[in-house]
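Structure, as structure tokens:
The values are calculated or read from the model by the stated rules, or taken from the named source; none is laboratory data. From a predicted model like this one, the values you see are computed outputs, not experimental measurements. Glycine gets a Cβ as well: all are built from the backbone with ideal geometry, and neighbour counts include every protein chain shown. The area values use the complete protein model at the heavy-atom level, side chains included, leaving out ligands, DNA and RNA. Shrake-Rupley method; radii C 1.70, N 1.55, O 1.52, S 1.80 Å.
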Amino acid sequence: MENSMSQMNRPATSPSPVVFLLFLALLAVLVSNAAGQTPPKSPQNIIVIKQMHFDPPSLNVKAGDVVEWKNEDIFSHTVTASDGTFDSGLIAPGSSWQTTITKTGDIAYHCRPHPNMTAHLIVQPLVGAEQHEQAGAQSTETSQASLRWRPPTKPEEFHPILVDFTAALLPLAFLSDLLGRLFRKQGLHTAGLWMMVYEAIITPFTSIAGWWWRNSEAGQLPARLIVVHEWLGTAAAVLFILLAVWRWGFHKRTITPSWTYLIAVFIALLALVYQGSLGGAMVFGQ
Amino acid sequence: MKKLVSTVLGMAMVCALGSLAHAQAPTDPQIVGIVQTANRIDIEMARLALKKTTDPQVKDFANEMISDHTALEKSVNDLAAKLGVKEETSSTAQQLKQQALQERRKLNTLKGKSFDREYASHEVAYHQTVIDAATKTLIPDAQNAQLKSALQGAAPVLQGHMQHAQQLVQSLQGGGSGF
Ligand SMILES: [Cu+2]
């Protein structure tokens with residue numbers, strides 16, 4: 001009985017891993033494209049190097065901001081972080097250099113040929129900075145309203161709620177099917193099937209809420225992180241639907257999903273963990 | 001010992017430039033002559049260093065001296081042309097050249113680490129001398145306001161070179177004895 005089942009599903013499952021692998025390749029291309037892309041955001045943080053000075057000598061920026069140094073002096077200078085996080089190399093007169101600042105805190109930098117040229121960036125974590133700006137206006141309201149439930153209306157409320165479902169259902173779907181195979185329990189497989197289906201249904205909404213949040217936030221999010229996060233999230237939504245369809249196929253023929261399917265779900269799980277860490281990095285800074 | 005020699009040389013240069021204060025104040029064409037002589041000396045010294053050194057730090061420093069002093073020289077040339085000032089030589093400029101010649105002779109006899117150390121400590125002393133001359137004599141004596149402000153503008157870059165040379169001296173002292 002068991003034997004005939006596994007024989008039955010062998011020819012039927014062979015196209016699915018191919019589809020899955022193709023999909024993984026597509027995902028890898030998407031992610032690497034997104035990661036390699038320099039954000040088109042024009043830097044509003046410009047520091048002019050003039051007459052042996054960095055102007056302004058101290059600048060407040062947010063994590064993920066692009067900062068540009070323009071050398072308007074007659075000498076070549078460098079922009080060298082004292083802790084080694086960035087070094088421009090020589091910037092010739094008339095040219096400029098830019099970098100994305102990810103490290104938070106007070107970053108002192110100097111010019112290597114001219115150690116008397118010193119300045120610093122004060123980098124605030126993204127959300128911390130925004131909370132700080134709004135703190136004055138909203139402090140009383142938030143302290144009173146914090147425990148009272150209100151229906152979610154904003155994308156920054158929807159996305160985290162939906163993320164909870166996406167994050168919980170996938171590992172449970174995986175675990176149920178894994179344990180089902182190990183202990184040969186049909187009930188666990190049924191649970192695994194339905195949780196994968198729920199995962200496929202709910203994740204597109206999670207993804208949509210994420211895009212909505214990103215659009216309402218405009219340029220406030222760390223450029224590199226958000227590009228990877230938004231495309232990986234969209235890819236995950238599509239991937240989960242394919243996995244659910246694949247899983248449904250097993251259900252029609254036999255109760256037990258193949259190991260290939262389980263490995264595929266596990267890889268998807270790893271991608272989801274990475275995705276979650278990116279989201280966390282954006283919300284809580286580094 | 002070498003440090004002592006370069007200190008003495010440095011002091012000699014201070015005396016050479018300091019004597020200006022007591023002698024007749026230099027004219028604007030003479031000031032331009034002194035500044036350009038000082039620039040050319042440092043460029044020549046850096047070219048010598050590039051020929052003789054193998055230390056990447058010393059090479060970087062020498063390249064910066066060539067680049068910065070060439071830029072300074074050009075900006076002074078442009079300003080002088082604009083103001084219609086033709087550079088003139090003076091006893092101070094001659095003494096600077098004389099001392100540079102002595103230093104070159106000395107550097108020519110040295111090799112490796114000892115060359116690097118002598119070059120670096122000479123650059124500290126040399127920039128200190130030029131800064132002192134600029135602040136005590138050349139800037140106060142400059143008649144033309146644009147020339148005066150150009151000299152004031154050059155002070156920070158000389159200060160930067162001096163600090164960089166000091167760092168170089170220290171780092172050459174640090175890991176040097178083993179080589
Ligand atoms: Cu510089």
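Being away from chain A (no Cβ under 14 Å) and open to solvent by less than 60 Å² (accessible area, probe 1.4 Å) is a description that applies to B:Val35. Scanning the range A:164-190 for residues that are crowded, with 21+ Cβ neighbours inside 10 Å and farther than 15 Å from A:Leu262 by Cα turns up just one, A:Thr166. Of all the criteria given as (1) touching a residue at least 60 places away in the same chain (Cβ under 8 Å); (2) surrounded by 16 or more Cβ atoms within 10 Å (Cβ to Cβ); (3) of a type outside the set (A, V, I, L, M, F, W, C), the one not satisfied by B:Gly112 is (2). Only one of the listed residues (A:Arg214, A:Arg184) is out of contact with any Gly (no Cβ under 8 Å at 6 or more places or on another chain) and over 27 Å from A:Val66 (Cα atoms). That residue is A:Arg184. Only residues that are open to solvent by 30 Å² or more (accessible area, probe 1.4 Å) and closer than 25 Å to B:His161 by Cβ were counted in the range A:59-86, giving 6.
Say whether the condition of being within 14 Å of another protein chain (Cβ to nearest Cβ), among the small types (Gly, Ala, Ser) and either surrounded by 21 or more Cβ atoms within 10 Å (Cβ to Cβ) or in contact with a Lys or Arg (Cβ under 8 Å, 6 or more places away or on another chain) (or both) is met by at least one residue in the range B:70-85. No; the residues of the range B:70-85 include none that is within 14 Å of another protein chain (Cβ to nearest Cβ), among the small types (Gly, Ala, Ser) and either surrounded by 21 or more Cβ atoms within 10 Å (Cβ to Cβ) or in contact with a Lys or Arg (Cβ under 8 Å, 6 or more places away or on another chain) (or both). Selection within the range A:93-107: residues that are open to solvent by 50 Å² or more (accessible area, probe 1.4 Å) and modelled with pLDDT of 90 or more. The member of this set that is farthest from the ligand (Cβ to nearest atom) is A:Asp106.
Listed by position, the helices (runs of 4 or more DSSP H) enclosed by the range A:183-286 that each have at least 3 residues that are within 15 Å of A:Pro160 (Cα to Cα), assigned by TED's automatic domain parsing to the domain that holds A:Thr166 and at pLDDT 90 or above are A:186-217.
Just one of the numbered conditions (1) within 16 Å of the ligand (Cβ to nearest atom); (2) under 17 Å from B:Gly33 (Cα atoms) is not true of B:Ala165: (2).
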